[in-house]
Amino acid sequence: MFLKEISLKNVRIFNELRSDFNPKINIIHGKNGQGKTSILEAIYYLSLTKSFRISKDTVVLKNNSEYFEISGIFNENNKEVKSRIYYSNREGKHAFLNSQKVKQFSEIVGLFPVILLSLDDLELTYGLPAARRRFLDILLSQLYPGYLQNLRNYKKCVTQKNKLLNTDNAIDDKDINIWNQQIIKYGSEIIFQRRRFIDYANQIISQFYKKISDKDEQIRIDYNSTINYLENEPELSEINESFNFVLKRSIDSEIKRKTCLFGPHKDDLDFLKNGFLFKSHGSQGENKSFLMALKTVESHYIQQISKKIPLFLLDDIFGELDSSRVENLVRLINNEGQTFITTTDLEKFKNIFPESCKFIFLKDHMIQ
């Protein structure tokens, strides 16, 4: 699968923009403020029906415009699939596949899987647990429609349970148990799918890290759950039983704290190099190398589960990387699917990009 072309109307700084793409590597270059990231944002919209930069669609709308529209043509097994996202402040957001309006945005998610790596992704190693949970949730929602629904249901149940815990009235344990059973049902599925990916990643991530960094080091990801199951690779039933045990014994503490203390909304990941955390024992270059390896693992997992090759979006991530790491990464992603790279420093890469790649130069908010 690859994106053949894209058209933008009233998106960010663009009145109109159209570009076709190479099935392999596409280099979008130009000075800052020319809209390079906005093109990646538009591709992300076609895949996930939302922006990776901000939650409000209205911010993407060009100033003084009534609507924005993003259209794309994908090639999947030599068949064209047309996708379109339309938004206006008056009508809201709508998504279309082959000119047919979809009822729910979830019908789009997973059809055109995408992997993003930007400077903001350094939050994965340096930032708060929420960023790491979001990484897992975006990946798994593209692979399993059931995961996305479980996540939505779980969040609703946690919200309702927190409302109950925050009441000033006496709380009956039976009322809490009603919500706990739903939280266990949906939360166990979430933890199970997250663990499946982590177990897969730990099998291959060291080899990808070595290909990028030229360093033979042991890379590992630990899933830190608030549910204390014993097995390294637990079955769904084991997670369910452990979850039930933890919530039963924690009723008094949750009532006292007035919040849900246990579950996948509290879980976290540790990224380790030779047993030490990247965020405290890794340089910025090593952190970037790890993130590139992690995204490559993500690509392989998507291909294994969905049999689709995801789009790679690399947004200005080459700064402070030495030329050998850049060359190793380009060689690696050239063996993956279609890739879109933004950069302000084309000279740095002219000698290492494959001859088959396409260069897209932005100036004065236009493709030159």
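If Lys and Arg each add +1 and Asp and Glu each add -1, what is the summed charge of the other residues whose beta carbon sits under 11 Å from the beta carbon of N335? Summing Lys/Arg as +1 and Asp/Glu as -1 gives +2. Given the options K36, K155, K248, which has the most mean-square fluctuation in a GNM of the chain, springs set between C-alpha atoms less than 10 angstrom apart? Residue with maximal mean-square fluctuation among K36, K155, K248: K248.
When the chain is treated as a Gaussian network with alpha carbon springs shorter than 10 Å, the biggest mean-square fluctuation among N26, N180, N64 belongs to N64.
Backbone amide hydrogens, once placed in the peptide plane, bring R53 within less than 5 Å of nothing, excluding anything fewer than 5 places away on its chain. Beyond 24 Å, what share of the Cα-Cα pairs of the range 126-307 is found? Please give it as a whole percent. Value for the range 126-307: 44 percent of Cα pairs lie more than 24 Å apart. Convex hull volume of the Cα atoms of the range 299-349, normalised per residue: 77 Å³. When the chain is treated as a GNM with alpha-carbon contacts under 10 Å, the residue of R257, R325, R12 showing the greatest mean-square fluctuation is R257.
Here the range 129-187 is described by how far its Cα atoms reach on the three principal axes: 42, 21, 12 Å, from widest to narrowest. Every Cα-Cα pair of the range 62-145 was included, and the share exceeding 21 Å stands at 49 percent. For the range 241-254, the Karplus equation 6.51 cos²θ - 1.76 cosθ + 1.60, evaluated at θ = phi - 60°, returns couplings of 5, 5, 4, 4, 4, 5, 5, 4, 7, 9, 4, 5, 5, 5 Hz by residue, with Gly and Pro reported as x.
When the Cα positions of S188, F14, N162 are compared along the charge dipole of the chain, F14 comes out farthest toward the positive end, with charges on each C-beta of Lys, Arg, Asp and Glu.
What is the Cα centroid distance between the range 95-154 and the range 269-339, reported in whole angstrom? Going from one Cα centre to the other spans 18 Å. Values of log10 I(q)/I(0) for the range 195-299 across q = 0.15 Å⁻¹ run -0.72, by the Debye formula with one identical scatterer at each alpha carbon and no solvent. Principal semi-axes of the equivalent ellipsoid, √(5λ) from the alpha carbon gyration tensor of the range 240-368, are 41, 18, 16 Å from largest down.
For the chain, the relative contact order comes to 25 percent (Cα pairs under 8 Å, sequence separation of at least 6).
All of the numbers you see were taken from the coordinates with simple rules; none came from a lab. Note that the structure is a prediction, hence the values are computed from the model and not measured. Glycine also receives a Cβ, built like all others from the backbone with ideal geometry; neighbour counts cover every protein chain displayed.
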